[in-house]
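Enquirer: So that we are looking at the same thing, I have put the structure below in structure tokens.
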Amino acid sequence: MNPIAIGVFIVIALLTLGSGIMVVTVRNIIHSALWLIASFIGVAALYLLMEAEFLAVVQILVYAGAVSILVLFAIMLTRQVTGEGVRVVFERWWVALLIALGLFGVIVPTLWQHGSTWEEASKLAQVGPAPVEGTAAAGLQVATATEIGRSFMGEYLLPFEVISILLLMALIGAIVIAYEERTRRRRVLTLAEELALKKRGIVEPRDAEGAVVALDSEQA
Amino acid sequence: MLKTEELQINIGPQHPSTHGVFRMLVTVDGETLVDLKPVFGYLHRNHEQLGEVNTYLQNMPFTDRLDYFNSMVNNHAYARAVETLAGVEVPERAQYIRVIMDELSRILNHATAMGFMLGDMGAWQTALLWGMREREKILDMFEYVSGARMMCNYCRFGGVVRDIDDWFITELKKLMQGLPHYFDDFEGLLLNSEILLARARNIGVLPKELALAYSVTGPVLRGSGVAYDIRKAEPYAVYDRFKFKVPVGTVGDVYDRFLVRIAEMRESYKILEQAIEQLPDATGGFINPKVKQQSLKAPAGEAYARVESPKGELGFYLVSDGSGSAYRYKVRAPSFINLSSLADMCKGYSIADVVVILGSIDIVMGEVDR
Amino acid sequence: MTLSHLATEDVFVVERNDADFRAGQGMTKGLGIVFRKFRKALFGKPNSDRADTEGQFNVQYPEERLVLPEAYRNMPILLYDDATGHELCTSCFQCERICPPQVIHITQAKDPATGKPVPAAANFVLEYDTCMSCGYCAEVCPFDAIKMDHDFELSTGNHPELDVNYDRLLRPISYYEAIAPTMWSDVKEQAMKKLQNNIKRRPGAIGRDHGQKVKGGAAVAVAATPVAGAAPAAAAKPRGPVAAIGKNMPEEKVAKLISIRAANAAKRGGGDAGAAPVAEAAPIVETVVDTPAASAAPSGPVAAIGQNMSEDKRAKLEAIRAAKRAQRGE
Amino acid sequence: MADALTQLGFASWLSVLIASIIKVTLILVGGSVGMMFLTWYERRAISYMQDRRGPNRVGPQGLLQPISEAIKTMTKEDATPREADRIVHFLAPVVMLGATVLSFAVIPWGRMFPVDLNAAVLFVIATGGLHSIGMMMAGWGSNNKFALLGGMRGVAQLISYEIPQVMAIIPVVLMTGSMSLQKIVEAQNDFGGLGWFVFSPVGLLGFALFFTASLAEGERTPFDIPEADSEIIAGYMTEYSGMKFAVFYLSNYMSNLAVCFITATLYLGGGNGPGVDALGGFAGGLLSLIYFLLKSFALFFIMVLIRATVPRLRVDQLMGFAWKFLLPLVLVNILSASFWVALLRWDQQWPQLTEWFGAPSTADATNWGRLAIAVVLTLLINAGAVALIMRLTNRNVQKHLYTTDEELALGLS
Amino acid sequence: MVGSVPLVWVLTLAAGLFCIGLFGALSRRNIVGMLMGIELMLNSVNINLVAFWRYLQPTGTAGLVFAIFTIAVAAAEVAVGLAMVIAIYRARLTINADEIDTLKG
């Protein structure tokens, strides 16, 4: 029962929950994205507290580093043309609140009933392997990155390969969906290219103020 | 249909890389440049009206302020214009002195111009500061002989203000020993560097026909492949006595102009060597004594004299009505005309290239706005 | 169509490096050159000779100074003869007429008795702020009365001070002789001859007893001559002019300055004969480098105080100088 | 440190607290003093390269110049644009500096490791990734067209160079078998302290790629697009002045310092050198710190040399360089690293090799036969890959010169 | 921390985060807001996994490996989701969920 751990846990819990609440309640979408990053870092701190170092670093690298940038880019690219005036939440947002609170009300009591059984189980689990005579009493060997790596290559090889294919599909899918074909618009010709065309007699159709008139196929 | 709308960006007039007070209104579509509208006139000082009010001699110091990098060349061009108008002949030694000063000015101009362009490319002013050192040495020479580093006011009608003495010759020879090392360092520093090649090759291409159509002159024209140099086309002031070559590019892009300017510096070095050997002794006089400088009256008529300034063909057109000051005084400034080709030359390239292309044309706003 | 009418052997095509990019060899060559420059600048000797292109080349301005060549022209000054105290200017208005920015304003002096104009100037105002120091006034002056000065530290707080009037323009001939010996020696005889017959045509009252000139002139005249004497041994080509002594400097300061000059001159007497303005800078640069500890002479010549600096500016400069000297533990 | 304090009678948790506070202050002070030294060091080095004297007025040889600059920026007015998003504008430099300082938690100073995560290498890259958030906030918060453009470009550059940077570290992790920096430094300790990774072909290519990628991460020339002053005035830092600009400047140079430290640790055997083990104890630690700082400042000198010589890459060339040149080379390097590990450490999987060359090399006895094969094989793979990719990507494209008729008809090109 | 903080507290924290994420996903009109809500829910699931791993079976790696898989899937999901958002924005010029209702009768 060391007070520091409890204190730190409570601080991190408040940080994560607080930024979570801010994510859903703040009006400005950019601010809610920044609060999302704060909650990611809170969760990473929680992992560190639970000595899952590798996971904490992966969380910072993947979520706080990349996903948040993706979200920010998406927000900036789809800047609301009509401005923030529009309502942030649906009219009947309180229904969602009710559902969420109801769910919370259901989960927490069941958790607390099983609390005691989990306590003994976790105490049992904390006892390290039986001390071999020669060596000192080896403490509890918490799984680190090396064990994770071995289990990836050993026990969980199939899911590992499936995940890599899934990521590849997501990669290609995202590009195909988001790619805006540039073919439909005229590329700006440099001086030398225009001269090369003129020499071959291909004169670009230009309207009054000299802008290149797009070919009729692009009028759509 | 959502079309990324074109962005209007304003580069200048207080922009770190516009070589003086010059604004470019650039419309950009994504990264490529669609249209560029140059806006200048911020440095207009009413130079040509002043020329009509001042007497011929009084106007000489104002010509220093045109292309403030090469005041010697400006003075020389103005002096030649008045000499042709008034029919004054210039002694041999003065012509040699003028040629020496012009070639020294060409070297310092190209050294700093290339330095500024590389600075715009992001090369953090190393080449510029080496160039500045050579420029400092040359400016000390100008200061010794004319009295001021940049505003030399050195030429008079029929000669120069002060003769060059043996101290000047010895120091000039010492300077000449250092220059080849500087040229080699400069070429070795960047000429084959991959990133410069990537940033300079095939950027801002000005084909030969269009270069002539835009009537650009100087290194920009020679970079596009037209071998036209006034020192060869219409040899003035003893230039016909020197053996030197005219460097010419092939494609006409930023890289070619860069190479042409470096080659021109080497050619100026050759001219300087020959000029020092053939320099006549002081008996011939450094100025035509018969000319009354401050009260020179030119017969009615007109004259146009042009000089190969480092930036291009610098010409002075004078119409005189017989009085002591010019009736019409017009300066054909090379930077002004070279700048007119910038707008079309930059189309299709990115913003980063616009700044480099502007650097490669090497303009000075003093000359453009007059 | 090629416009070039030049003989083909006069034109050479610049060879372009159109090859593909190589593996960074070009860049490494550049890096090597910059490293060589770095090594030379860090460990090599400072760059003093005009021929070499390596080593440090900048001059630390306030402490070290480049000596200005004789023909250097900044703002014009008027000369008066040390001995007789007469100004050379006869207000012939030539300089006023030629001056491109029209900054010179002269009023002719009148003979108080008869009221007729006299070849001397009553007041001579020159707007230092508009003057572009083109040197025309010095060229056209038939009496060599107006010459170009070498003092460029003229920045001042209040603008009206830049309309310099007559007494602040006057300098003794010895001062100009110190800063431009050969240029003065060329025109010395005819200038003095013209001055003599001008003095004859000036009535006794005018020109001779210009109050502040005589008083100031005499004292400075005395101090000025030793300076000329102490000028370093003139080699074949007179060494570049040494920075001049301020006109209205306090007495003890002038004396100290002369002693410093004498010490430098003695030390430099044996130095290299090749007198060259820039080379001249080399010894100064060297003196700065090697003398702080050694000889009593303060490191580098003390800068001359601008003639028409306002009082508080001069006081502030003195304070800084004193602090510097104290900090250098003199 | 913590147990030393417990002997002094503090409660155990209090001593841990105090120890960590002392460590944190030491790191922060070391980091910021290091940053100041770097600014002075860079300006002096570049000025000597340009034959002029750098700052030499403030303090002896100008050493107090960074401090005077800090005071100057603090006294400058700290303006925030009117319609700017005030909070985001204020938080951007905080996030940038926070990300940089976070990575110092793991970086060793010679032999002294502040904290030893067993995923330390990944932690450093993760905190490097946080930079882009700060940059994005700066770009968005300043409500200025140029700042937004600079911010977007900066983030795109950071992300596209983060991947080669991470991949360039994988060979080092493969060769040491662990991600903790302590083990990586120990693995480079054989051959009398000179067994640095940079001397093995895999390590050499990894070093070159990692250093180039970290040039881009630290926005050094030739990759300093985000604040390319000749184009968009100061990139995402346009609307910042006074103290906030000083914080950006501090975080910029501290991340350069961090990058130099990490490169020295990963590839140049941070803190290892002849004679460090012989001394041992405190003196050994000090000597390792000196070696470590020498290596890092030599690396920084290379950064300064490159900055003084090479012009800036355009945005598209910069992205092309990352994706088309660095990434393939990095992948090939991982391949050759796996060969290296297979040859040197495996014996059951490769009985043939054990027969010919004997047991794999253990910590003390290195098996020279296997080492020779490994070196030759990896050298071949790496050199071949570099040559091939060089020829593939570096063709001198005659773009912007001619347009074929079909190209125009399709409107493609 | 294992000794002093009971497992139930961590699970309640995860449940709380999950409900906040659920509320965010259901109530936000802006699709990107919804995606953020979903991210929060995925994070809370991860907390559960790590908590169970740490408290009940610290030597095994099931919890950690599963958590890493969920992170990978979540990243892929965000990438594709935002690609769709951009495509919708380009087509409809709006990303408010209730305005994109062309399928409605």
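Enquirer: Can you list the DSSP H helices in chain B whose Cα atoms extend at least 30 Å along the helix axis and whose mean Kyte-Doolittle hydropathy is -1.0 or higher?
Expert: The qualifying helices are B:92-121, B:166-190, B:254-277.
Enquirer: Per-residue HN-Hα couplings for the range B:297-310, Karplus 6.51 cos²θ - 1.76 cosθ + 1.60 at θ = phi - 60°, whole Hz, x for Gly and Pro?
Expert: Going residue by residue, I get 10, 9, x, 4, x, 9, 8, 9, 10, 10, 9, 7, 7, x Hz, with x marking Gly and Pro.
Enquirer: Turning to a different aspect of this structure: Starting from the Cα gyration tensor of the range B:87-168, take the square roots of the eigenvalues, sort them a ≥ b ≥ c, and report rounded, prolate or oblate (rounded when a/c is under 1.5, otherwise prolate if a/b is larger than b/c, else oblate).
Expert: Because a/c hits 1.5 or more and a/b exceeds b/c, the range B:87-168 counts as prolate.
Enquirer: Shielding by partners for B:289-301, please: the mean number of other protein chain Cβ atoms within 10 Å of each residue's Cβ.
Expert: 1
Enquirer: Ok, one more. What residues have an amide H closer than 5 Å to that of C:A122, excluding those fewer than 5 places away on the same chain, when H is modeled at 1.01 Å from N in the peptide plane?
Expert: C:T107, C:Q108, C:A109
Enquirer: As I understand it, the dipole of chain D uses +1 on the Cβ of Lys and Arg and -1 on the Cβ of Asp and Glu, about the Cα centre. Which of D:Q157, D:G358, D:A126 lies farthest toward its positive end?
Expert: D:Q157
Enquirer: Okay, next question. Summarise the partner chain shielding of B:115-125 as one whole number: the mean count of Cβ atoms from other chains within 10 Å of each residue's Cβ.
Expert: 5
Enquirer: A further question follows. Using a Gaussian network model on chain B with a 10 Å cutoff between Cα atoms, which of B:D64, B:D166, B:D253 fluctuates the most?
Expert: Of B:D64, B:D166, B:D253, the most mobile in the Gaussian network model is B:D166.
Enquirer: Which chymotrypsin sites (Phe, Trp or Tyr not before Pro) from chain E combine a DSSP loop assignment with at most 15 other Cβ atoms within 10 Å?
Expert: none
Enquirer: Please list the radius of gyration and Dmax for chain B, considering alpha-carbon atoms only, with Å as the unit.
Expert: Spelled out, the Cα radius of gyration and Dmax of chain B are 20.9, 82 Å.
Enquirer: Let me ask something else about it. Between D:V58, D:V341, D:V247, where does the largest GNM mean-square fluctuation fall for chain D, given springs only between Cα atoms within less than 10 Å?
Expert: Highest fluctuation among the options: D:V58.
Enquirer: Follow-up. Only four residue types carry charge here, +1 at the Cβ of Lys and Arg and -1 at the Cβ of Asp and Glu. Report the dipole size of the range D:1-72 about the Cα centre in Debye, rounded to the nearest 20.
Expert: About 380 debye.
Enquirer: For the charge dipole of the range D:1-72, defined by +1 on Lys and Arg C-beta atoms and -1 on Asp and Glu C-beta atoms about the Cα centroid, which residue among D:S32, D:A70, D:G59 has the Cα displaced farthest towards the positive pole?
Expert: Positive-end residue among those listed: D:G59.
Enquirer: Right, something else. If the elastic network links every pair of Cα atoms under 10 Å, which of B:S71, B:S146, B:S323 fluctuates the most in the Gaussian network model of chain B?
Expert: B:S323
Enquirer: Right, something else. Within 10 Å of each Cβ in peptide C:45-53, how many partner chain Cβ atoms are there on average? Round it to a whole number, please.
Expert: Mean inter-chain Cβ contacts per residue within 10 Å come to 6.
Enquirer: Gap in Å between the Cα centre of the range E:16-37 and the Cα centre of the range B:301-370?
Expert: 64
Enquirer: Enumerate the lysines that C:K256 could reach by cross-link, defined here as Cα to Cα under 22 Å, with residues fewer than 8 away along the same chain left out.
Expert: In chain and number order, the partners are C:K215, C:K247, C:K267, C:K313, C:K316, C:K324.
Enquirer: Can you quote the Å³ per residue value for the convex hull of the Cα atoms in the range D:241-311, rounded to an integer?
Expert: 109
Enquirer: Right, another one. When you count, for each residue, the other Cβ atoms within 10 Å and take the mean per peptide, how do D:74-82, C:168-176 rank with the highest first?
Expert: C:168-176, D:74-82
Enquirer: Now for a different question. Can you classify the range A:1-83 as rounded, prolate or oblate using the Cα gyration tensor, where a ≥ b ≥ c are the square roots of its eigenvalues, rounded means a/c under 1.5, and otherwise it's prolate if a/b beats b/c and oblate if not?
Expert: It comes out oblate by the Cα gyration axes.
Enquirer: I've got another one for you. If you bin every alpha carbon distance in the protein assembly as shown into 20 Å steps from zero, what whole percent lands in each bin?
Expert: 8, 29, 31, 20, 10, 2, 0
Enquirer: Excluding residues on the same chain fewer than 8 positions from B:K245, give the lysines whose Cα lies under 16 Å from its Cα.
Expert: B:K245 reaches B:K232, B:K270.
Enquirer: OK, next. Once phi is turned into ³J(HN,Hα) by the Karplus curve 6.51 cos²θ - 1.76 cosθ + 1.60 with θ = phi - 60°, what whole-Hz value does each residue of the range B:210-215 show in order, with x for glycine and proline?
Expert: So the Karplus estimates, Gly and Pro as x, are 5, 4, 5, 4, 7, 6 Hz.
Enquirer: Which Cα, out of B:Y236, D:Y291, C:S259, lies furthest along the positive dipole direction of the protein assembly as shown (beta carbon charges, K/R +1, D/E -1)?
Expert: Comparing the listed Cα positions along the dipole, C:S259 ranks first.
Enquirer: Further question on the same structure: Determine, for A:S19, C:S185, D:S296, D:S15, the number of other Cβ atoms within 10 Å of each Cβ, and report the residues in order from fewest to most.
Expert: Fewest-to-most Cβ neighbours within 10 Å comes out as C:S185, D:S15, A:S19, D:S296.
Enquirer: Pairing the Cα long axis of helix E:31-56 with the longest principal axis of chain E, what angle in degrees results, from 0 to 90 and rounded to the nearest 10?
Expert: Value to nearest ten degrees: 10.
Enquirer: Does the range D:125-257 classify as rounded, prolate or oblate by the C-alpha gyration tensor (a ≥ b ≥ c root eigenvalues; a/c under 1.5 gives rounded; else a/b over b/c gives prolate, otherwise oblate)?
Expert: Verdict is prolate for the range D:125-257.
Enquirer: Please state, rounded to one decimal and in Å, the Kirkwood hydrodynamic radius that chain D gives when every pair of distinct Cα atoms enters the mean of 1/r.
Expert: Over chain D, the inverse of the mean reciprocal pair distance is 23.6 Å.
Enquirer: Something else: In which sequence would D:F282, D:F210, B:F168 go, from the one with the fewest C-beta neighbours within 10 Å to the one with the most?
Expert: Placing the least packed residue first, the sequence is D:F282, B:F168, D:F210.
Enquirer: How much net charge surrounds B:K245 when only other residues with a Cβ under 12 Å from its Cβ are counted (Lys, Arg +1; Asp, Glu -1)?
Expert: With Lys, Arg at +1 and Asp, Glu at -1, the net is +1.
Enquirer: So, how do all the Cα-to-Cα distances of the range D:1-105 break down into 5 Å bins, in percent, from 0 on up?
Expert: Here the calculated profile for the range D:1-105 is 2, 10, 12, 13, 13, 13, 13, 10, 8, 4, 2, 1.
Enquirer: If I measure Cβ to Cβ between cysteines in the protein assembly as shown, which ones have no partner under 4.7 Å?
Expert: B:C152, B:C155, B:C346, C:C89, C:C92, C:C99, C:C131, C:C134, C:C141, D:C260, E:C19
Enquirer: In debye, nearest 20: dipole of chain D around its Cα centre with unit charges on the Cβ of K, R (+) and D, E (-)?
Expert: That gives a dipole near 740 debye.
Enquirer: Going by C-beta contacts inside 10 Å, put C:D186, D:D277, C:D81 in order with the fewest on the left.
Expert: Starting with the residue having the fewest Cβ neighbours, the order is C:D186, D:D277, C:D81.
Enquirer: Magnitude of the Cβ-charge dipole of the protein assembly as shown, K/R +1 and D/E -1, about the Cα centre, nearest 20 debye?
Expert: Rounded to the nearest 20 debye, it is 2320 debye.
Enquirer: Thinking of the range E:7-93 as a set of Cα atoms, what percent of all their pairs are more than 21 Å apart?
Expert: 40
Read-outs throughout are calculated quantities, based only on the coordinates presented, and are distinct from any laboratory measurement. Quick caveat: nothing in here was measured; it's all calculated off a predicted structure. Reconstructed Cβ throughout: ideal geometry from the backbone, glycine too, with neighbour counts over all protein chains shown.
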